[in-house]
Amino acid sequence: MTPTTEQPPKMTLSPPGVPVIPFVNWGGMTALYVKEVRRFFKVQLQTIWAPAITTLLFLVIFTVALGGGERTVLGRPFATFVAPGLIVMGMMQNAFANASFSLLVGKMQGTIVDYLMPPLSTGELVAGLVGAAVTRAILVGFAVWLAMAFWPGVQIVPHHPLAVIWFGLLGASMLGFLGLLTSIWADKFDHAAAVTNFVVAPLSLLSGTFYSIESLHGVFQTLSHLNPFFYVISGFRYGFIGTTDSPVLLGGLVLLGVNVALGALCYTLIRKGWRLKS
């Protein structure tokens, strides 16, 4: 018998323009997501627990220093009324902080190529970065909820869990997209801080977190309804206390539309390389 020799398989290269990884690069997108989660989790005392304590201080100030224990809003004790809004406000602010960091630091340190060169599509890059921001928001929200659960006089058991999940995720995603847009536009930390101080913080504090818009003058009620943060706060609060000062379905649809618009804008800017590619 003549011995048969096995020939090594020939390596074939795909023609130019033909993608090697079909459909979704799950491995690459997961690697980016895990990298971003590990980045903020290594300093969890600063990125998770410190924001939780800071948010809890708002509850202490408004219920103890201002005598909120005797007040009722929407038929609920003031502490119970304000607690859900504080939870989701902390979630949104930290989602923004996380998403506005990665690309900005990459541009400042000259490592932006690490995000643009891997075999990831624009959608996969956006999903990985925003997904990590939402993860941080969820962890911060859980830490705040856990701390408030032991605070006397606060009833923080969800009445409508689906509303809590829906508005919590949409609120965190909205700020994740906004943070990603900020990191695309900004060239230094001062730019990101300006968006935080002049956009995110005012919209958060004027969103009905500490009051019901029913007590406002008609003009200010109208302005409140133009603030997308208001729908996050109102819908998330409805999930916990079962009452709201805004139609829940309307708020859910508005936030869905805002998220789609912000996501499309992020996708377009990154795809064109605006302020990312020289």
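The values are calculated or read from the model by the stated rules, or taken from the named source; none is laboratory data. This is a predicted model, so every value here is computed, not measured. Counting neighbours? That spans all protein chains shown, and the Cβs are built from the backbone with ideal geometry, glycine included.
Listed values, structure above:
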| quantity | calculated |
| --- | --- |
| Test: residue in the range 176-195 that is at positive phi and not β-branched (Val, Ile, Thr) | no |
| Selection status of Phe62, at pLDDT 80 or above, of a type outside the set (Val, Ile, Thr) and surrounded by 13 or more Cβ atoms within 10 Å (Cβ to Cβ) | no |
| Residues of the range 235-259 satisfying the condition of being modelled with pLDDT under 95, of a type in the set (S, T, N, Q) and surrounded by 17 or more Cβ atoms within 10 Å (Cβ to Cβ) | Thr244, Ser246 |
| The range 83-118, residues that are among the aliphatic types (A, V, I, L, M) and over 20 Å from the mean Cα position of the chain (by Cα) | Met108, Ile112, Val113, Leu116, Met117 |
| The listed residue being surrounded by fewer than 21 Cβ atoms within 10 Å (Cβ to Cβ), out of contact with any Asp or Glu (no Cβ under 6 Å at 6 or more places or on another chain), among the aromatic types (Phe, Trp, Tyr) and at pLDDT 95 or above, out of Trp185, Trp151 | Trp185 |
| Selection from the range 235-268 of residues that are under 26 Å from Pro77 (Cβ atoms), hydroxyl-bearing (Ser, Thr, Tyr) and without any contact (Cβ under 8 Å) to a residue 60 or more places away in the chain | Ser246 |
| Any pair with Cβ under 7 angstrom, 6 or more apart, that starts in the range 105-131 at a residue that is within 14 Å of Ala31 (Cα to Cα) and ends at one that is in a helix (DSSP H, G or I) and β-branched (Val, Ile, Thr) | Leu125/Ile270; Val126/Ile270 |
| Scan of the range 222-253 for residues that are more than 16 Å from the chain's Cα centre (by Cα) and among the β-branched types (Val, Ile, Thr), ordered by number | Thr222, Ile241, Thr243, Thr244, Val248 |
| Scan of the range 92-110 for residues that are closer than 20 Å to Val130 by Cβ and either outside any helix (DSSP H, G or I) or touching a Pro at 6+ places or on another chain (Cβ under 9 Å) (or both), ordered by number | Gln93, Asn94, Ala97, Ser100, Phe101 |
| Unique residue being surrounded by 15 or more Cβ atoms within 10 Å (Cβ to Cβ) and more than 22 Å from Phe62 (Cα to Cα) when the list is Ala264, Ala192 | Ala192 |
| Selected residue (criterion: farthest from Arg76 (Cα to Cα)) from residues of the range 206-222 that are assigned to a helix (DSSP H, G or I) and without any contact (Cβ under 8 Å) to a residue 12 or more places away in the chain | Val219 |
| Matching option when the condition is buried (at least 18 other Cβ atoms within 10 Å of the Cβ), in a helix (DSSP H, G or I) and either of a type in the set (Gly, Ala, Ser) or out of contact with any Leu (no Cβ under 9 Å at 6 or more places or on another chain) (or both), among Ala50, Ala83 | Ala83 |
